[in-house]
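For reference, the structure is listed below as structure tokens.
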Amino acid sequence: MSTPIGPYSPIVRAGDLLVVSGQLGLREGVMVSGGVVAETSQALANLAALLSSEGASMNDVIKTTVFLRHMRDFDSMNEAYVAAFGEHRPARSAFAVAELPRVALVEIEAWAYAPSGR
């Protein structure tokens with residue numbers, strides 16, 4: 001699980017909801033190489049690890065927001081996104097932004113429904 005790169009909590013529980021802060025394609029503090037597909041895959045692996053730390057999984061995700069540095073990467077991002085989520089389809093927003101931390105190509109945040117004590 002990656003250490004936050006700023007003054008925030010990577011995951012917060014609010015009752016039965018888990019809010020996961022934006023995840024980048026960082027592995028051990030270093031951006032993975034391989035472009036948007038590799039970064040998306042790693043960001044989603046980081047997200048999955050955070051969910052697991054709270055007893056949840058990707059199947060519990062109800063909403064994601066995907067921030068892309070270039071909208072031309074939308075289709076490539078979707079390849080990695082589908083690989084991580086399989087048939088599960090949470091609600092999602094995706095849009096381009098001017099810049100992301102660490103010169104990332106993608107950042108993904110999520111909300112999950114995960115009742116505590118299940």
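The values are calculated or read from the model by the stated rules, or taken from the named source; none is laboratory data. Here the structure is a predicted model, which means the values were calculated and not measured. Counting neighbours? That spans all protein chains shown, and the Cβs are built from the backbone with ideal geometry, glycine included.
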Original post:
Residue check: is Val66 surrounded by 18 or more Cβ atoms within 10 Å (Cβ to Cβ) and out of contact with any Leu (no Cβ under 7 Å at 6 or more places or on another chain)?
Top reply: yes
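Are any residues in segment 57-80 outside any loop (DSSP other than H, G, I, E, B), over 13 Å from Glu107 (Cβ atoms) and of a type in the set (Ser, Thr, Tyr), and if so, which ones? Let's see the steps before the verdict.
Our first condition is that a residue be outside any loop (DSSP other than H, G, I, E, B); within segment 57-80, this holds for 58-68, 71-80.
Now restrict to residues that are over 13 Å from Glu107 (Cβ atoms): 58-63, 71-72, 74-76, 78-80.
Result: Ser76, single match.
In segment 44-56, how many residues are of a type in the set (A, V, I, L, M) and over 14 Å from Glu109 (Cβ atoms)? Please lay out each step first, then the result.
Restricting attention to segment 44-56, the residues satisfying the condition of being of a type in the set (A, V, I, L, M) are 44-45, 47-51, 56.
Next, from what is left, pick out any that are over 14 Å from Glu109 (Cβ atoms): 45, 49, 56.
Adding up the residues that qualify gives 3.
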Subject >> Only one of Ser21, Ser41 that is within 15 Å of Glu107 (Cα to Cα), of a type in the set (Gly, Ala, Ser), surrounded by 13 or more Cβ atoms within 10 Å (Cβ to Cβ) and touching a helix residue (DSSP H, G or I) at 6+ places or on another chain (Cβ under 6 Å) >> reply: Ser41
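Looking only at residues that are of a type in the set (Gly, Ala, Ser) and at negative phi in segment 44-63, which one is surrounded by the most Cβ atoms within 10 Å (Cβ to Cβ)? Give the derivation first.
Of all residues in segment 44-63, those of a type in the set (Gly, Ala, Ser) come to 45, 48-49, 52-53, 55-57.
With at negative phi added as a condition, the list becomes 45, 48-49, 52-53, 56-57.
Numbers: Ala45: 19, Ala48: 20, Ala49: 14, Ser52: 12, Ser53: 12, Ala56: 22, Ser57: 13.
Step by step, filter segment 44-63, then rank; the result is Ala56.
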**OP:** Any residue in segment 17-35 that's in contact (Cβ under 8 Å) with a residue 40 or more places away in the chain: show its pairings with residues that are aromatic (Phe, Trp, Tyr) and part of a loop (DSSP other than H, G, I, E, B) at Cβ separation under 7 Å, as long as the two are six or more apart or on different chains.
**Re:** Ser21/Tyr8
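Would you check if Arg89 is out of contact with any Lys or Arg (no Cβ under 6 Å at 6 or more places or on another chain) and loosely packed, with under 12 Cβ neighbours inside 10 Å? Walk me through it before giving the result.
Values: out of contact with any Lys or Arg (no Cβ under 6 Å at 6 or more places or on another chain): yes; loosely packed, with under 12 Cβ neighbours inside 10 Å: yes.
When the stated conditions are applied, Arg89 passes them.
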Original post:
What is the number of the single condition among (1) small (Gly, Ala, Ser); (2) more than 14 Å from the chain's Cα centre (by Cα); (3) modelled with pLDDT under 95 that Ser2 does not meet?
Top reply: (2)
Original post:
So which residues in segment 96-118 are touching a Ser or Thr at 6+ places or on another chain (Cβ under 9 Å) and within 19 Å of Gln42 (Cα to Cα)?
Top reply: Leu105, Val106, Glu107, Ile108, Glu109, Ala110, Trp111, Ala112
